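Novice: Sharing a structure below in structure tokens format, with a few things to ask.
The values are calculated or read from the model by the stated rules, or taken from the named source; none is laboratory data. Values in this document were obtained by computation on a predicted structure and should not be read as measured data. No Cβ is skipped: glycine too gets one built from the backbone with ideal geometry, and neighbour counts run over all protein chains shown.
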Amino acid sequence: MQRQKYAIGLIFLGVGCRTEVDLIAPQAREQLVVYGILYPDRDTQYIRVGRLFVTREDAMAYAARTDLSVQAEVRVSDGNTTWLAQPETVVKIPHQPFYPVQVVYRLLMRPRPRQRYFLHINVPENPSLNVSATALVPAPPYIARPETVALFQGQPTYPIIDLMRPYDIQYFARVGSAPAAAAGYEIRFTFRYGALQGPDTLWRTLSIGPYLVPAKAENAQVFTLREKQLLRTVYSNLYPFSQPYVYDESPFSQAWSLTVTALDTPLYNYLRINSPGTTDFTTVKPEYTNIRNGLGIFGAVATSRRFFRIDDCSRYLLRLNNAPPPPYPCKLED
């Protein structure tokens with residue numbers, strides 16, 4: 001089960017969300033904690049449902065031996081059709097400090113952009129555990145730059161981004177007049193490369209970002225890569241520096257990719273407030289949730305992708321495919 005993951009935090013921002021939670025153990029009541037993100041480009045959605053716990057012992061030790069999953073009825077509706085989720089037990093990542101398995105709820109559905117969805121969860125054995133939330137799926141952005149296909153020396157290819165220079169990524173919040181329903185965007189880059197280890201090649205994928213940006217009022221949006229910004233990030237992650245690296249540099253290679261992800265309002269607010277750029281160690285963060293009668297996040301995203309190639313100087317500086325130095329000044333430091 002592969003899905004894009006967002007860490008759950010319970011913080012505060014407006015949008016009509018409740019912020020109170022009982023924190024003192026004697027008065028604490030059992031509550032559901034929900035995590036679900038809708039993806040309109042996938043046929044299967046997952047909702048995670050757990051229990052809030054308060055303990056006087058070591059919390060990590062308690063979580064390591066206690067299954068916090070909940071036997072619940074999970075439904076998602078668009079007002080006309082209702083989908084009933086099926087429980088599915090998954091094994092967590094090995095060697096992590098928590099209970100090794102978890103129950104998630106699987107929905108066979110493909111959400112539609114600009115459609116509002118309603119989440120309802122109840123626990124039959126405890127009628128007081130009944131929560132709900134809504135999510136408005138944003139429209140996928142249209143990426144105008146880099147282009148889908150470009151011409152290089154008269155031949156079609158993925159466009160080239162010169163990592164040595166500033167570069168404006170241009171995208172539109174919507175196509176047409178319908179609202180985009182996005183509060184912000186995440187910009188990510190990935191690079192698929194191979195590390196040569198003797199006769200073997202160990203393939204890896206480097207993920208850069210995400211860079212969180214707010215949605216502008218106008219349709220046209222721009223994110224500017226600073227001069228050598230992406231180049232320096234990739235360079236520092238290709239370690240050891242003496243090791244040769246390879247990648248697919250064919251005209252339509254998907255080794256380098258850019259994704260622009262539209263975020264609905266609750267998810268964007270959570271990511272923005274929890275960003276290291278807006279908080280520090282002295283910040284007190286009230287809890288945020290858009291789950292009525294519970295805690296957690298129910299949101300939606302929509303992603304668009306472009307593939308690109310890189311310039312000759314960057315290939316040389318990154319030690320890719322034994323690239324020779326270009327016939328012009330080429331150095332990482334200014």
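Novice: Does Pro240 meet the test of being within 26 Å of Pro156 (Cα to Cα), more than 20 Å from the chain's Cα centre (by Cα) and either of a type in the set (Lys, Arg) or exposed (fewer than 14 other Cβ atoms within 10 Å of the Cβ) (or both)?
Specialist: Criteria not met by Pro240.
Novice: State all residues of segment 198-237 that are of a type in the set (Gly, Ala, Ser) and surrounded by fewer than 13 Cβ atoms within 10 Å (Cβ to Cβ); if no residue qualifies, say none. Talk me through it step by step, then tell me what you get.
Specialist: Within segment 198-237, the first condition is being of a type in the set (Gly, Ala, Ser), and the residues that meet it are 198, 207, 209, 215, 217, 220, 236.
Those that are of a type in the set (Gly, Ala, Ser) and surrounded by fewer than 13 Cβ atoms within 10 Å (Cβ to Cβ): Gly198, Ser207, Ala217, Ala220, Ser236.
Novice: Could you grab me the full set of residues in segment 146-170 that are surrounded by 15 or more Cβ atoms within 10 Å (Cβ to Cβ) and part of a strand (DSSP E or B)?
Specialist: Correct list: Ala150, Thr157, Ile160, Ile161, Tyr167, Ile169, Gln170.
Novice: Could you look through segment 106-124, keep only residues that are over 23 Å from the mean Cα position of the chain (by Cα) and hydrophobic (A, V, I, L, M, F, W, C), and pick out the one that is surrounded by the fewest Cβ atoms within 10 Å (Cβ to Cβ)?
Specialist: Per the criteria, the residue is Val123.
Novice: Still on this structure, I have one more. Which one of these is modelled with pLDDT under 95 and out of contact with any Pro (no Cβ under 7 Å at 6 or more places or on another chain): Phe281, Phe252?
Specialist: Phe281
Novice: What are the residues in segment 76-105 that are surrounded by fewer than 12 Cβ atoms within 10 Å (Cβ to Cβ) and under 15 Å from Tyr35 (Cα atoms), if any?
Specialist: Once the filter is applied, which keeps residues that are surrounded by fewer than 12 Cβ atoms within 10 Å (Cβ to Cβ) and under 15 Å from Tyr35 (Cα atoms), segment 76-105 yields nothing.
Novice: Please go through segment 288-316 and pick out each residue that is modelled with pLDDT under 95 and within 29 Å of Pro159 (Cβ to Cβ).
Specialist: Listed by number, the list is empty, since nothing qualifies.
Novice: Ok, one more. Test Ala195 against the stated conditions and say whether it is surrounded by fewer than 18 Cβ atoms within 10 Å (Cβ to Cβ) and not in a strand (DSSP E or B). Talk me through it step by step, then tell me what you get.
Specialist: Details: surrounded by fewer than 18 Cβ atoms within 10 Å (Cβ to Cβ): yes; not in a strand (DSSP E or B): no.
For Ala195, the condition - surrounded by fewer than 18 Cβ atoms within 10 Å (Cβ to Cβ) and not in a strand (DSSP E or B) - is not met.
Novice: Turning to a different aspect of this structure: Given the conditions (1) at pLDDT below 95; (2) within 21 Å of the chain's Cα centre (by Cα), report the number of the one that Pro138 does not fulfil.
Specialist: The one condition Pro138 does not meet is (1).
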